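Engineer: This is the structure I want to talk about, given as structure tokens.
The values are calculated or read from the model by the stated rules, or taken from the named source; none is laboratory data. Since the structure is predicted, the reported quantities are computational estimates derived from the model, not experimental observations. Backbone-built Cβ (ideal geometry, glycine too); neighbour counts: all protein chains shown.
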């Protein structure tokens, strides 16, 4: 069972740097369009799910270049990203309901 820990760690660190804000906390960052950010996040989740499906299919067909560990890690990544997206959606819906129930 050969899990490439260094590759996984470097990928996680790269993901961490992507999530950190580009501007320091004391400066004002330009606003980004929420719809564009949401669309990009959904596209990323979709891409992860498609690559996982591709890896699964290659593994099931007996491709020697794809290991079970790679398939399982990819499946967990896509599952976690989907769950995170669902949680964000739930929070947005809750916020919308709260705003709509406010008296004017």
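Engineer: So residue 10 ticks every box in (1) modelled with pLDDT of 85 or more; (2) over 16 Å from residue 85 (Cα atoms) but one. Which box is left unticked?
Structural biologist: The failed condition is (1).
Engineer: How many residues are surrounded by fewer than 13 Cβ atoms within 10 Å (Cβ to Cβ) and either at negative phi or touching a residue at least 24 places away in the same chain (Cβ under 8 Å) (or both) if we restrict to region 55-87?
Structural biologist: Total satisfying the criteria: 13.
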